[in-house]
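K.L.:
Shown below is the structure under consideration.
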């Protein structure tokens, strides 16, 4: 059947034999798959490198905190750095206005998560319920 | 002044008269189609940002172009035929377009040169969070699987008598990625740009209607109810490194993808690197909006009645729908495979999000997952395959471009 749409202008390209079209389709699908599989491997490798790095840093931090805790336990009069003292969770006081403790803790955790910072590095001054 | 002669000249110059000669009635049909598209865009909100522009471009060109004699037309298809004809003195002459073209001819140069789709990709990159994909790289398999429709529709188009170039352009509708479809069609089969762009954007808007029946057909209630574990946190450094690695890898693999992948990843790097907020903001908003204006109206201008109203357009519309359906099927089947291989940890519904209509396809996965299990939150899991689909369709387009250009 003559293509009606192209009556006034030549169609781009040439007719493709059905066999060639089938091979092109299968080969093309394979190329997309292979390309994305290799990309997946690359991203996985990069991801595990950064994950290992993070795990290592977290382990080092944990070890240092444990060392400080052991030191304090062994000698209660030892003066430890201020940040280490605050780390377990007594980092100061916060003013709560019509907000239960549990909800305040939840809000602080959400804020810390959103900011991607440890909660003991944040300073919350007050949490107040805003009524409509 | 001869009033009768003046009136006669005004009538013969008017568009109203043109409706009654040389197949001008076809323009009338196109004007009705443009109004239907405007209705779908404005009232039904089918991809309104682009469809309203495309529909109005369609309206403008069919109000002003009635053949090569339409000197005042906004868009001249005959000038572009000369531009593509190696035997014509104006072959590949943008100067001739600038000298003799109308407003939409000049705007269309940005489409022809592949500028607008690439800039749109830059904006898409700046708006996209690749975190879910980085957290779960296996999503790339779903993005690859969901390109099935591209190659099946390509094969179907060859069977229906289209040339290789045209079949490739029709097939890419299955990638569910408007800018990629426009980019590839402009390079391979510019004579089909109007119907392909309209089919691509219409089906993208219809994803919430096209995909759910296929999702229900191919998955069991038990599979749809699967709750997936939360993805790991992705560090900022990973997000910065990602676009650089993807650009290097994909462009080296398929250099023809450079304009699309290069712009997509540059936009994403501006978003993630943290020192170019102004550029990221501009690309996401101002530039994206400006390019959308130009792209929509100039693509709409290619729907000249004498070319658009044909059996070929109907074939393209049917093949486009087939492509969309099979892309969804491809993603779902690999999703089901992952469900089996992981012992039921992967919800196969996220596979359908591998078609790259971002974020519509991911939202559909989320909605269907919640229908099966109201406590199910699949959105972030589906965003991985969804953005993988953008990369997958760009690779598919790059492959077809490399083969047929």
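Bear in mind these aren't lab numbers, they're just calculated from the coordinates by the rules spelled out. Keep in mind the model is a prediction, meaning the values are calculated, not measured. Positions of Cβ are backbone-derived with ideal geometry, glycine not excepted, and every protein chain shown enters the neighbour counts.
K.L.:
Take B:81, B:72 and order them by how many other Cβ atoms sit within 10 Å, fewest up front.
P.N.:
In increasing order of surrounding Cβ atoms, one gets B:72, B:81.
K.L.:
Return the distance in nm (one decimal) between the two label points of a simple spin-label model at residue A:34 and residue B:69, each offset 7 Å from Cα along Cα→Cβ.
P.N.:
5.7 nm
K.L.:
In degrees, nearest 10, range 0 to 90: what is the angle between the Cα axis of helix B:311-341 and the longest Cα principal axis of chain B?
P.N.:
10 degrees
K.L.:
In nanometres, what is the gap between the two model label sites at residue A:69 and residue B:286, each 7 Å from Cα along Cα-to-Cβ?
P.N.:
5.3 nm
K.L.:
Separate question: Report the full-extension gain for the segment residue B:16 to residue B:229: residue separation times 0.36 nm, less the Cα-Cα distance, to one decimal in nm.
P.N.:
Fully extending the segment from residue B:16 to residue B:229 adds 70.3 nm.
K.L.:
Moving on to the next point. Using a 10 Å cut-off around each Cβ, can you sort A:115, A:108 from fewest to most neighbouring Cβ atoms?
P.N.:
By the 10 Å Cβ count, ascending: A:115, A:108.
K.L.:
Classify segment B:89-239 as rounded, prolate or oblate from the Cα gyration tensor: take a ≥ b ≥ c as the square roots of its eigenvalues, call it rounded if a/c is under 1.5, otherwise prolate when a/b beats b/c and oblate if not.
P.N.:
Oblate.
K.L.:
Hey, another quick one. What ranking do B:270, B:25, B:11 get, fewest neighbouring Cβ atoms within 10 angstrom at the top?
P.N.:
Final ranking by Cβ density, sparse to dense: B:11, B:25, B:270.
K.L.:
Can you give the FRET efficiency to the nearest 0.05 for residue B:159 and residue A:109, using r as the Cβ-Cβ distance and R₀ = 41 Å?
P.N.:
So the FRET efficiency works out to roughly 0.10.
K.L.:
Oh, and also: Taking the Cα atoms only, what angle lies between the long axis of helix B:3-13 and the longest principal axis of chain B, rounded to 10 degrees?
P.N.:
Helix B:3-13 sits roughly 30 degrees off the main axis of chain B.
K.L.:
At 222 nm, what helix-only mean residue ellipticity would chain B give, in deg cm²/dmol to the nearest 500, using -39500 (n - 2.57) for each DSSP H run of four or more?
P.N.:
Helices in chain B give a 222 nm mean residue ellipticity of -22000 deg cm²/dmol.
K.L.:
Roughly what angle does helix B:25-42 make with the longest principal axis of chain B, taking Cα atoms, 0 to 90 degrees, to the nearest 10?
P.N.:
40 degrees
K.L.:
Which of rounded, prolate, oblate describes segment B:227-278, given a ≥ b ≥ c as roots of the alpha-carbon gyration tensor eigenvalues and a/c under 1.5 marking rounded, otherwise prolate only if a/b is larger than b/c?
P.N.:
oblate
K.L.:
Moving to a separate point now. Indicate the gyration tensor shape class of the protein assembly as shown (rounded, prolate or oblate), computed on the Cα atoms with a ≥ b ≥ c the square roots of the eigenvalues: a/c under 1.5 is rounded; otherwise a/b larger than b/c is prolate and the rest oblate.
P.N.:
prolate
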